[in-house]
Amino acid sequence: MELYYHNFSPPSMGVLFTLNQLEVKYEPKFLDVVVKLDQLKEDFLKINPLGKVPVLKDESFCLNESHAIAQYVSLKYEEDYKSQKLYPTDLQNQAKVNSLMYLESNCFSKIYNYVHLGLWLSDQPPRKDRLNDVYSSLNSLETILERSKFLADEHPTLPDLFAIATVNLLDVAKFNDYQKYPHLVAWKQRMQQLPHYEESVGKHFRVINDFYQSKAYLNLPKNDYWGIK
Ligand SMILES: N[C@@H](CCC(=O)N[C@@H](CS)C(=O)NCC(=O)O)C(=O)O
C-alpha cells in the first residue's frame, strides 16, 4: 500500500495518524505539491484526476478524500477483537463516527479558509473576515467535548485523528483565544499524548511553524499556481 501525501497537509496527517495508530505497513510517497507541482503531472493525475493529496494506492485500487481513506484502511485492517476501535463496525457507533467525520470536514474547510495558503506561502495575514467561522467550528467541537472525552466516544476514534491537525492549523496563524474552550484545550493535550501523535502530526507542525516563523516562504521560487511572487 502506498500513501501519497504532503507534510503540510492536515488531511494527509489525519490519514498518516490513522495508519500509524493501526500499525499498518505502508510506503509513504511524498508529493511536492508546492514547488514542483507534482499533483498536476500526468502520472499523478492517473492516480487522482483531482490533483490532490492524500491518495491511497492499494495495488490497482486508488482512493482519494482523506476521511474515506481512513475509513477504508480501518475497515480493512482494524482487528475485530479490539474493544476501543478507531472505526467501530456496529451500525450506530459507526454512524456516530461518520457524523463527526462530516462535521470535522466542515471545520477543516472553515479553519483552512481563515489560515489560508497565502499566509504560508506569500506573507499575508490570516483572513480576519473569516474569524466567525473559526469560532463557530470551535463552539461545535467544545459542545461535543463537554459531553465526552473524545469526539465520538470516551476513547479516540477517526474524527479525533483528523480534528487535531485541523485545530493545530490555528497555531500557525497565532490564534490563541481559547478562553471559552476549556474542554477543547484538555482534549488537545490528550491527543498529543497518543503514541503516534508525534510522528503523524506533531513533527509536521513543527516544520510548518518553523517554515512560517523563519519566513522561508519568501525564498520559494516564483509560482503562479500558488500566487508566489
Ligand atoms: N477534501 C480533501 C482535501 C484534499 C486537499 O485539498 N489537499 C490539498 C492539500 S491539504 C492539496 O492536495 N492541494 C494541492 C492543490 O490544490 O493543488 C481531503 O480531505 O482529502
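Derivation of every value follows stated rules applied to the coordinates shown; laboratory data play no part. Because the structure is a prediction, the values reported are computed rather than measured. Reconstructed Cβ throughout: ideal geometry from the backbone, glycine too, with neighbour counts over all protein chains shown.
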Among GluC sites (Glu not before Pro) in segment 96-185, those in a DSSP loop whose Cβ has at most 15 other Cβ atoms within 10 Å are 146, 154
Calc'd 3J(HN,Hα), segment 166-177, phi into Karplus 6.51 cos²θ - 1.76 cosθ + 1.60 (θ = phi - 60°), Hz, glycine/Pro = x, comes to 4, 5, 4, 3, 5, 5, 4, 8, 6, 6, 9, 8
Expressed in angstrom and ordered largest first, the alpha-carbon extents of the chain along the principal axes are 52, 48, 25
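Place a +1 charge on the Cβ of each Lys and Arg in segment 1-87 and a -1 charge on the Cβ of each Asp and Glu, then give the dipole magnitude about the Cα centre in debye, rounded to the nearest 20.
Using only the charged Cβ atoms, the result is roughly 160 debye.
Given that compact globular proteins tend to follow 2.2 N^0.38 Å, what is the ratio of the alpha-carbon Rg of segment 2-77 to that value? If you can, show how the numbers build up before the last one.
On the way: Rg = 11.6 Å, N = 76, 2.2 N^0.38 = 11.4 Å.
Here the answer is 1.02, to two decimals.
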Simple spin-label estimate for residue 58/residue 109, 7 Å along Cα→Cβ, in nm, reads 2.6 nm
Footprinting proxy, 108, 175: sorted fewest to most Cβ within 10 Å, the residues are 175, 108
Ranked by GNM mean-square fluctuation in the chain (Cα springs under 10 Å), the top entry among 173, 152, 163 is 173
For the table 57/110; 76/203; 174/215; 29/215; 128/180; 25/85, the rows whose alpha-carbon distance is greater than 23 Å are 57/110; 76/203; 29/215
Quick shape summary for segment 91-219, equivalent ellipsoid via Cα gyration tensor, semi-axes whole Å in descending order, reads 26, 17, 13
Projected onto the charge dipole of segment 91-219 (unit charges on the beta-carbon of Lys, Arg, Asp and Glu, signs +1, +1, -1, -1), the Cα from 103, 124, 134 with the largest positive-side position is that of 124
What helix-only [θ] at 222 nm does the chain give? Using -39500 (n - 2.57) per DSSP H run of at least 4, over all residues, to the nearest 500, the answer is -16500 deg cm²/dmol
For segment 92-107, in residue order, the Karplus 3J(HN,Hα) values (coefficients 6.51, -1.76, 1.60; θ = phi - 60°; whole Hz; Gly and Pro = x) are 6, 5, 5, 4, 5, 4, 4, 4, 6, 5, 5, 4, 4, 4, 5, 4
Everything considered on the Cα gyration tensor (a ≥ b ≥ c; rounded for a/c under 1.5, else prolate if a/b is larger than b/c, else oblate), segment 29-118 must be described as oblate
Largest fluctuation, 170, 158, 86 only, Gaussian network model of the chain with Cα springs under 10 angstrom, belongs to 170
Rounded to the nearest Å, the spacing of the alpha-carbon centers of segment 101-178 and segment 37-94 is 22 Å
